[in-house]
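Asker: Sharing a structure, written as structure tokens. Questions coming.
The values are calculated or read from the model by the stated rules, or taken from the named source; none is laboratory data. Keep in mind that what you see is a predicted model, and the values were worked out from it rather than measured. Glycine also receives a Cβ, built like all others from the backbone with ideal geometry; neighbour counts cover every protein chain displayed. All accessible areas refer to the heavy atoms of the entire protein, side chains included, with ligands and DNA or RNA removed. Shrake-Rupley method; radii C 1.70, N 1.55, O 1.52, S 1.80 Å.
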Amino acid sequence: PDPQDPDGIHAALEEARKQGKCRFIGITSHRRPVAEAAAKSGLYDTVQFPVSHISPQEDIDLIDLCGKLDVGFIAMKALSGGLITCAQAAYAFFQQIPNAVPIWGIQKKEELQQFLDCVQQGITMTPELQAVIEKDRKELAGNFCRGCGYCMPCREGIQINTIARLPQLLRRSPWQQYMTEEWCHAEWRSSRSCSAPGPGSRHPVRH
């Protein structure tokens, strides 16, 4: 949003703060340059950006930048859309970063219990958990799909978000459902014939 636009979203948020309807103003972005610019602008109290222990160092460094600028950092996709499966390792990683509050993306009651157990047990980084993180980085780090779904819908009907995640899903999830004739041939072949993102896309297909 344009902070100089008197009729824009940012002006409305500032007015809401003056009226006591909110205390803080935050911004969310999936693009690091945008998040960095927002942190440096002095306009926002928090920046929300996808970071996990398999993120590139440049993304993780954004947390330190926000800390130096007294901007709170909210780490969305802290489990990288479900690719990270060890709650203890993920929790211990963020315990080392006091300026970051992770959003775990919990879907099941038992997953919530895992993180409650981490809190109750006071989980911190250990050589064993560091080894788990290094294994995750080796297998999953790089140009991977976080599963945000912003590449959808595709005007050609291609299931971009699932296809982009197939390499990770085959390694980390029950894979039988993706070994059908439809997925192995029809869906995958359709994705190879089109490189243009759909009308709702913010990102190209990421493999």
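Asker: Using a simple spin-label model with points 7 Å from Cα along the Cα→Cβ vector, what separation in nm is obtained for A37 and T85?
Answerer: About 4.0 nm separates the two model spin labels.
Asker: Can you quote the Å³ per residue value for the convex hull of the Cα atoms in the stretch 58-99, rounded to an integer?
Answerer: 66 Å³
Asker: Could you work out how far apart the two model spin labels at K68 and A11 are, taking each label as a point 7 Å from the Cα in the direction of the beta carbon, and quote it in nm?
Answerer: Output for this residue pair reads 3.4 nm.
Asker: Now a separate question. Simple spin-label model, 7 Å along Cα-to-Cβ: M125 to C22 in nm?
Answerer: 3.4 nm
Asker: Along each of its three principal axes, how wide is the spread of alpha-carbon positions in the stretch 1-67, in whole angstrom units, largest first?
Answerer: 40, 21, 16
Asker: May I ask you to give the percent of accessible area on the stretch 1-50 that is carbon plus sulfur, with a probe radius of 1.4 Å?
Answerer: Whole-percent figure for carbon plus sulfur exposure: 51.
Asker: Keeping every protein chain present and rolling a 1.4 Å probe, give me the accessible area per residue for the stretch 82-138 in Å².
Answerer: Roughly 63 Å² per residue, with all protein chains present.
Asker: Tell me, what is the percent relative contact order of the stretch 1-150, built from C-alpha pairs under 8 Å that lie six or more residues apart?
Answerer: Answer for the stretch 1-150 is 19 percent.
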